[in-house]
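S.K.: Right, I'll just put the structure down here and ask away after.
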Amino acid sequence: MHFKTTDLFDRQAKKLSKRYKHIKTDLLHFVKRFDDYHKAAASIQKNLYKVRLKNSDKNKGKRSGYRIYY
């Protein structure tokens, strides 16, 4: 599967990478296991989903992760 990112996503990921050093590996994990995450995604609208992705830099539970909309 091929993924494209928007300029806004790239800017926000770059900004977050200064604070969270492992964000790139977390996003690569999301891409590799996309099918599993898609099954657990919450549908917001038609063809718009929200997924919670664990933040490996903060080990504080469910609320400390990233929210990815696709």
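S.K.: Take Y37 and decide whether it is open to solvent by less than 80 Å² (accessible area, probe 1.4 Å), of a type in the set (S, T, Y), at pLDDT 85 or above and in contact with a strand residue (DSSP E or B) (Cβ under 9 Å, 6 or more places away or on another chain).
M.R.: no
S.K.: All but one of (1) in contact with a Phe, Trp or Tyr (Cβ under 8 Å, 6 or more places away or on another chain); (2) surrounded by 10 or more Cβ atoms within 10 Å (Cβ to Cβ); (3) modelled with pLDDT under 85 hold for M1; which doesn't?
M.R.: Of everything listed in (1) in contact with a Phe, Trp or Tyr (Cβ under 8 Å, 6 or more places away or on another chain); (2) surrounded by 10 or more Cβ atoms within 10 Å (Cβ to Cβ); (3) modelled with pLDDT under 85, M1 misses just condition (2).
The values are calculated or read from the model by the stated rules, or taken from the named source; none is laboratory data. Being a predicted model, the structure only gives us computed values, none of them experimental. Counting neighbours? That spans all protein chains shown, and the Cβs are built from the backbone with ideal geometry, glycine included. Surface accessibility is based on the protein's heavy atoms, side chains included, excluding ligands, DNA and RNA. Shrake-Rupley method; radii C 1.70, N 1.55, O 1.52, S 1.80 Å.
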